[in-house]
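Report on one structure; see the data block that follows.
The values are calculated or read from the model by the stated rules, or taken from the named source; none is laboratory data. Model, not experiment: these values are computed from the prediction. Every residue, glycine among them, receives a Cβ derived from its backbone with ideal geometry; neighbour counts consider all protein chains shown. Please note that ligands, DNA and RNA were not included when accessible areas were found on the heavy atoms of the full protein model with its side chains. Shrake-Rupley method; radii C 1.70, N 1.55, O 1.52, S 1.80 Å.
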Amino acid sequence: MTVRNRILILLAAVTALAAVAVASVLHASARAERRDQTQPGGPRVTSGTVTLTTPGRMVFRNMAWGPHRDELTTVPASDPAGPRTASGLKCLRFYAASGTGVCLQAVHGAVSDTYRAAVLDAHLHVRARYDVPGIPSRARVSPTGHFAAWTAFVGGDSYAGTNFSTRAAIVDVRTGKLIPSLEAFRIVKDGHDYRAADVNFWGVTFAPDDRTFYATLATRGKTYLVRGDLRAHTVTTLHPNVECPSLSPDGTRIAYKKRVQGLPKDAPWHLYVLDLRTMRETPLAEPRSVDDQAVWRDDDTLVYALPGDYGADLYRVAADGTGMARRISTAAVSPAYVGR
């Protein structure tokens, strides 16, 4: 092959690669533009006032394409598929209780994104901001509104795999005192102090006493439900194979996702409820794998997200294992029931 032919082939290859790159950029740009345009048949979303103390409301991250995508949005809790009121505040993850909210956000940079947690008051004004050392995953606020917690991936990007690392932080929103990682807490496992280099925590959920919390502890390929003590700075293992716990409003049960043998590796979970007095597990009537920290609508009903056409949809299921799962809202994630 002559030098001239080699040069022509090289130029053709460069031209083809440039064309692919341009096409990819144009496609991404067009898709981004579509995300900013309201889609026919989607939920109606309008700007308005959103607060965290209005009784009988559900506040969540709106996933519907359009100018209000990713904004905190509210609907009546009794009509979760109804018209939405958007706040203008964007969050990746969100939760609220007793007039306090936590909003996990992306800060877009020229080279890469960084992340932060914004603690909100009842009118969505930012009270404080904290750096988050990775991709936000879970968020919770204590029933009193005095504490907020969040989890971030600092290595890997999925709970389904084995090669990941997390950081779970808790802040006292009254004083601003931050516990940047639960890994600083003393671990009591099977009645003995426990230490290991591979310890990870995620999925904090709070009791209403401003002292007790529950979370997932992972170590040596296994996960455990732990009960934490914010005063003693200890966590104690309670039950195996528990991820992303959520404490019921009456404080008697934990909803969680559990790895079930025989399910696909990328979708290994089933929803369960654990009675904290008897340690009896009840499988819930949701046949699909749920990678979410479920929210208690009330003492009888759980709400959670599953993948949907616009990212995620919300479903509900009875907490006693009866009935069947039903979709309650499309293009929505991270719900919180406020004003109760």
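Can you tell me which of Arg220, Arg116, Arg167 moves the most in a GNM of the chain? Springs connect C-alpha atoms under 10 Å apart.
For the chain, modelled as a Gaussian network with Cα springs under 10 Å, the answer is Arg220.
Which order, highest average first, do 203-214, 251-262 follow once you tally other Cβ atoms within 10 Å for each residue and take the mean per peptide?
Details: 203-214: 20.7, 251-262: 17.7.
So the peptides 203-214, 251-262, ranked by packing, come out 203-214, 251-262.
If you add up the charges near Tyr256, with Lys and Arg at +1 and Asp and Glu at -1, over every other residue whose beta carbon is less than 11 angstrom from its beta carbon, what do you get?
Numbers: positive: Arg253, Lys257, Lys258, Arg259; negative: Glu243, Glu281, Asp292.
With Lys, Arg at +1 and Asp, Glu at -1, the neighbours total +1.
Would you mind getting me the FRET efficiency between Asp172 and Ala285? Use the beta-carbon distance for r and R0 = 30 Å, nearest 0.05. Spell out each step's value before the answer.
Details: r = 38 Å, r/R0 = 1.27.
Given R0 = 30 Å and the Cβ-Cβ separation, E is 0.20.
On a full-extension model of 0.36 nm per residue, what is the gain between Val188 and Lys265, subtracting their alpha-carbon distance, rounded to one decimal in nm?
Values: separation 77, 0.36 × 77 = 27.72 nm, distance 2.96 nm.
Using 0.36 nm per residue and subtracting the Cα-Cα distance, I get 24.8 nm.
Considering amide H positions built from the backbone, and no H for Pro or chain starts, which residues 5 or more places from Trp65, or on another chain, come under 5 Å of its amide H?
Under 5 Å from the amide H of Trp65 lie the amide H atoms of Gln39, each far enough along the sequence or on another chain.
Using only alpha carbon pairs under 8 Å that are at least six residues apart, calculate the relative contact order of the chain and give it in whole percent.
On the way: 874 pairs, mean separation 44.4, N = 340.
Rounded, it is 13 percent for the chain.
Where does the charge balance sit around Arg327 when Lys and Arg score +1, Asp and Glu -1, over other residues with C-beta under 10 Å from its C-beta? All intermediate terms of the calculation are to be shown ahead of the outcome.
Working: positive: Arg316, Arg326; negative: Asp313.
Surrounding charge for Arg327 is +1.
Grab the Cα-Cα distance for Thr54 and Ala81, subtract it from 0.36 nm times how many residues apart they are, and report the gain in nm with one decimal.
Details: separation 27, 0.36 × 27 = 9.72 nm, distance 1.81 nm.
So the chain would gain 7.9 nm between Thr54 and Ala81.
Provide the percentage of antiparallel DSSP beta bridges, counting only those with both residues in the chain; round to the nearest 5. Write down the numbers at each step before the final one.
Working: 94 of 100 bridges.
Beta bridges within the chain, antiparallel portion: roughly 95 percent.
How tilted is helix 3-35 with respect to the longest principal axis of the chain? Cα atoms for both, answer in degrees (0 to 90, nearest 10).
Roughly 40 degrees between the two axes.
Using alpha-carbon pairs under 8 Å, 6+ residues apart, how would you state the relative contact order of segment 274-340 in percent?
On the way: 118 pairs, mean separation 18.2, N = 67.
Result for segment 274-340 is 27 percent.
Using Cα-Cα distances under 8 Å and only pairs 6 or more residues apart, what relative contact order does segment 183-298 have, in percent? Present the calculation step by step, with values, prior to reporting the outcome.
Values: 262 pairs, mean separation 21.0, N = 116.
Result for segment 183-298 is 18 percent.
Given the pairs Lys222/Lys265; Lys177/Lys258; Lys189/Lys265; Lys90/Lys177, which span a C-alpha to C-alpha distance of over 21 angstrom in this model? Mind showing how you got there, number by number?
Working: Lys222/Lys265 15 Å; Lys177/Lys258 32 Å; Lys189/Lys265 27 Å; Lys90/Lys177 25 Å.
From the list (Lys222/Lys265; Lys177/Lys258; Lys189/Lys265; Lys90/Lys177), the Cα-Cα distance tops 21 Å for Lys177/Lys258; Lys189/Lys265; Lys90/Lys177.
Every cysteine in the chain with no other Cys Cβ under 4.7 Å from its Cβ, please list them in numeric order.
Cys244
How long is the gain from Arg211 to His108 if the chain were fully straight, where each residue apart is worth 0.36 nm and the alpha carbon distance is subtracted? Numbers along the way, then the final one.
Numbers: separation 103, 0.36 × 103 = 37.08 nm, distance 3.54 nm.
Gain on stretching Arg211 to His108: 33.5 nm.
Which value at 222 nm does the chain reach when only helices count, each DSSP H run of 4 or more adding -39,500 (n - 2.57), with the total divided by all residues and rounded to the nearest 500 deg cm²/dmol?
Numbers: 1 runs with 33 residues, N = 340.
Taking each H run of at least 4 residues, the total per residue is -3500 deg cm²/dmol.
Can you sort Met58, Met279, Met324 by 1.4 Å-probe accessible area, starting with the largest? Walk me through the numbers before you get to the answer.
Working: Met58 0, Met279 65, Met324 115 Å².
Sorted by accessible area, descending: Met324, Met279, Met58.
Where in segment 281-302 is the amide nitrogen less than 20 Å from a point lying 7 Å along the Cα-to-Cβ axis of Thr322?
In segment 281-302, the label zone of Thr322 (backbone N under 20 Å from the point 7 Å along Cα→Cβ) covers 281-287, 296-302.
Given the peptides 142-151, 285-294, arrange them by the average over their residues of other C-beta atoms within 10 Å, most packed first. Write out the running numbers ahead of the final one.
Values: 142-151: 23.8, 285-294: 19.7.
In decreasing order of mean packing, 142-151, 285-294 become 142-151, 285-294.
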